[in-house]
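Only one structure is covered here, and it is reproduced in the block below.
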Amino acid sequence: MGIRLLSLFATLVSLAHIAATSTSQPPICIVGAGVSGLTAAKSLENKGYKTVIFDKRGAVGGKCQSHYEDYAETFQVVKSSGASFDTFDPAYSYDYNPNTGAAALMQPLGPATIQALQEELARYASVWQTKFAPFGVPGYKNGVPKEFTVSAKDWLLSNKFPVIASVINRGAGNYGYGDYTEIPAFFAPDIVGSFIGTVQPYKTDFHDVFKRVAGTIEGPIILGVKIDCISRGSQPSIKYRSTKGRYTKTQHCSDIIIAFPPTYQALKESGLVLSAAERTLFTQVGVNSYFSSAVRMDKLGDNLTVSQELPDPLTPFKAEGQPVYIVPLHPESRIISVYSADNPEHPSVPRVKGLLIRDLSKINKDLEDAHAVSTKINAADIRAFSGEIDYFPHLGSEALAGGWYKKFNILQGKDHTYFTSGLNSFELVEYTIRAARDLVATHF
């Protein structure tokens, strides 16, 4: 009996020591209060970890947009947050020419095209299940087949999906995913589900959603900060100060999660000193120049969308800073959500803002009325402007073929550092949520 009591006492002492060690551990530090950072924090706290979040912006939510597609994980987050949302099914869609202002009602698909699309979708579903699903997991841990490293257009046409290719061409341009003649086919399966009409889209204020999510996180969320230095290794820490402050504070961390697109420039600006392997890896990450704006357009009608016209169904438009997708966010609202695309090699905020005024002034009218005269808008009508953001982090064909994701996954956890963003999966709220949850489930 004495031996058993002694053994029990020793076990209790050991458990008490573990508990004390656990509670005395510094929090997990998360850099970025967007979808990735908030999701990771919530998942970590659900597992009993302490967290602290930092963001240079003055508000949570990162680059959340007002219109995303209806996927299961996203819907759960929206519903549980208590934010309102509406189904989104515009009655009218227009093509417009930003140079001339000419706008024409898009014609519905003809019976032959609809039949061809249905046949393509049936075949595509089979291809998705057999070829893409086995590797289409967060982090792409099962590798990337070589056939998916060619361009999306080449892959779709070579696999006899011309109608789907035409839908992807328009959707990729409108939603900031860029030129599908350059995007590797690796990203096409995720894009397809967003634009082929097989899901019921909805619209909501995602900024409101993630403000509500942030309110459920127990750890501190420190906004409007400049991080001077992220130290890694056996005793990680973050030195930071408010954007207006002179005095530096230090937060000790048990681990660090980088929760924003890991471009070389963004990581460098975050105060992270990169290893040679990290430099080589993250210089290969590209982003698109995609801008969002809220613009007052008194004369544009309700229940419609307006898109940049295409040279032909399979040829993308050229991104030169112009508005490419326009949609009223709420019924009866005169504030319109406007999305602009610029050349990712040479983005220019002044050019994008200038084209907002020039091009929208040509279509600020009742588009149904052929004789309507457009009303000019001015700078004061631009009520909100995103500025330049790192949108759709992605890789080129060469990086994918060279095993980029295998190298990326090996880096996870090295020097107590982890990375999660749209790049871990795909730049869509649904997949970003999945990726952040997977990171926590896999490593913590």
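The values are calculated or read from the model by the stated rules, or taken from the named source; none is laboratory data. Worth saying up front: this structure is predicted, and the values here are computed from it rather than measured. Cβ: placed from backbone, ideal geometry, glycine included. Neighbour counts: every protein chain shown.
For residue 112, the criteria (1) modelled with pLDDT of 90 or more; (2) within 30 Å of residue 366 (Cα to Cα) hold in every case but one, which is (2). Of all residues in the range 83-101, those that are surrounded by fewer than 13 Cβ atoms within 10 Å (Cβ to Cβ) and either in a helix (DSSP H, G or I) or modelled with pLDDT of 90 or more (or both) total 2. Residues of the range 109-126 that are not in a helix (DSSP H, G or I) and not aliphatic (A, V, I, L, M): 110 alone.
Of everything listed in (1) modelled with pLDDT under 75; (2) more than 24 Å from residue 307 (Cα to Cα); (3) surrounded by fewer than 21 Cβ atoms within 10 Å (Cβ to Cβ); (4) not hydroxyl-bearing (Ser, Thr, Tyr), the single unmet condition for residue 210 is (3). Per the listing 311, 323, the residue uniquely under 20 Å from residue 93 (Cβ atoms), touching a Phe, Trp or Tyr at 6+ places or on another chain (Cβ under 8 Å), surrounded by fewer than 17 Cβ atoms within 10 Å (Cβ to Cβ) and of a type outside the set (S, T, N, Q) is 311.
Just to be sure I understand the filter: pairs with C-beta atoms under 6 Å, separated by 6 or more residues or on different chains, first member in the range 22-45 and surrounded by fewer than 24 Cβ atoms within 10 Å (Cβ to Cβ), second member in a helix (DSSP H, G or I) and modelled with pLDDT of 90 or more. Which pairs pass? Sorted first by the residue in the range 22-45, then by its partner, the pairs are 43/437; 43/440; 44/440. Among the residues examined, residue 357 qualifies as outside the structural domain of residue 38 (by TED's automatic domain parsing), over 25 Å from the mean Cα position of the chain (by Cα) and assigned to a helix (DSSP H, G or I). Any chance you could count how many residues in the range 409-424 are outside any helix (DSSP H, G or I), under 15 Å from residue 277 (Cβ atoms) and touching a Pro at 6+ places or on another chain (Cβ under 9 Å)? Adding up the residues that qualify gives 2. Here is the figure for the range 233-283: residues that are under 18 Å from residue 28 (Cα atoms) and assigned to a loop (DSSP other than H, G, I, E, B) total 10. Scanning the range 214-232 for residues that are assigned to a loop (DSSP other than H, G, I, E, B) and not hydrophobic (A, V, I, L, M, F, W, C) returns 216, 218, 219, 220, 224, 232.
Taking into account only those residues within the range 141-170 that are among the basic types (Lys, Arg) and assigned to a loop (DSSP other than H, G, I, E, B), which is nearest to residue 127 (Cα to Cα)?
160
Per-residue answers, yes or no, for (1) surrounded by 16 or more Cβ atoms within 10 Å (Cβ to Cβ); (2) assigned by TED's automatic domain parsing to the domain that holds residue 305; (3) within 24 Å of residue 420 (Cβ to Cβ):
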{"site": "144", "(1), (2), (3)": "yes, yes, yes"}
{"site": "148", "(1), (2), (3)": "yes, yes, yes"}
{"site": "160", "(1), (2), (3)": "no, yes, no"}
{"site": "168", "(1), (2), (3)": "yes, yes, no"}
{"site": "178", "(1), (2), (3)": "yes, yes, yes"}
{"site": "181", "(1), (2), (3)": "no, yes, no"}
